Structure formats: structure tokens, C-alpha cells
Amino acid sequence: MRKAELNEFYDEWIQAIYRYTLSRVKHVDDAQDITSQTFLSAWQNRERYQERGEFAAWLFSIARNKIKDHFRQAQRKQNRIQTLGDDEIYKLSAEPQHETLIALRQVISTLSEKDQELIRLRYVAGLDFATIAKISRRSPAACRKACSRLVAKLKAHFEQEQE
């Protein structure tokens, strides 16, 4: 991968990687640092990237590993991550209703880590099912079906709350 190619991928993927990272770590500064580290690592390890694989899957795998490293370091230092305000994570979306966002975050937090990851990759990072499948090592159909079930589950929860 040449520098020009990385710059092109950077421009294309910076927002998705940042949103994904922010949804995991909750702190803007940490998300920015991890996003930078992700692209730096991609550049430093560009020879390891196999052209036959999808670049986005490789890049999100790097981001996921950087996030894991972040939490490992924080745990060793006994620094617990403090959650920012509920609307901080979703600043990139168009002025969502605050109460709905709080309720949605609470419901999502009850899901398994695997399901939360699927929600983050699909709706926060905006990835397609083929890319999510490569990242999660599942088939695109399985990802699509799981996502559909999660959306139905969330919808049912909110409809039940409305009654």
C-alpha cells in the first residue's frame, strides 16, 4: 500500500473509525487518540495487509485491538472510564431527542457484547454487512439476520414502553 492509497483510505474511513471508537471508549480525547493510533498502525504495518482482503475489515480489526489495548492500560492503572453525557457519543447525528437516546443506550447496554458490537459496526460506523461479516468472522446473511432481530427487539422494547 502506497502513501497516496493510505491517504485516500484515511479520508474515506476516518469518520467511521472515529464514531466506532467513540462509541466504545466514550471519551472524545481517547477516541481521537485511538483513531490516530489506528491509522498510524495501519501505515506502519501496511506490508502485512493482504490485498485480497477488504481494507475496511483490516482497519476495523486494528481499531478493535487498539481499543482493547486502551482498556487494558486503563485497568492496569486502576483508572476507570467515566461515561460522558449521553448526547456526547452521538454528536455526529442530527440533534436526536435526548430522552430517547438515553433510553436507547440503556437498552443497548443490556445486550451481549457481541450484539453491541454488531450495533456499533452497522449503525455507528455505518458499515455494510459484507464488511461486518469479515470483521466478525460470520457470514453476511448471519450478520443481516442478527441485526434484523436486534432491531426488532429494540423496536418491541420501545413499543412496550409507549404503552
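If you take the Cα centroid of segment 118-155 and the Cα centroid of segment 16-48, the two points sit 21 Å apart.
Coupling constants for segment 11-27 follow from the phi torsions by the Karplus curve (6.51 cos²θ - 1.76 cosθ + 1.60, θ = phi - 60°), and in residue order they are 4, 6, 10, 4, 5, 5, 5, 4, 4, 4, 5, 4, 5, 8, 9, 6, 9 Hz; glycine and proline get x.
Model label sites at Tyr10 and Glu161, defined 7 Å from Cα along the beta-carbon direction, differ in position by 4.0 nm. Annotation for Gln116 and Gln73: the two label points, set 7 Å from Cα along the Cα-Cβ direction, are 2.1 nm apart.
What the phi angles of segment 156-161 give under the Karplus curve with 6.51, -1.76 and 1.60, with θ = phi - 60°, is a coupling list of 4, 4, 5, 5, 5, 5 Hz, glycine and proline written as x. On the basis of the beta-carbon distance and an R0 of 41 Å, Arg105 and Lys145 show a calculated FRET efficiency of 0.95.
Quick note: the coordinates plus some simple rules give every number you see, no bench work behind them. From a predicted model like this one, the values you see are computed outputs, not experimental measurements. Reconstructed Cβ throughout: ideal geometry from the backbone, glycine too, with neighbour counts over all protein chains shown.
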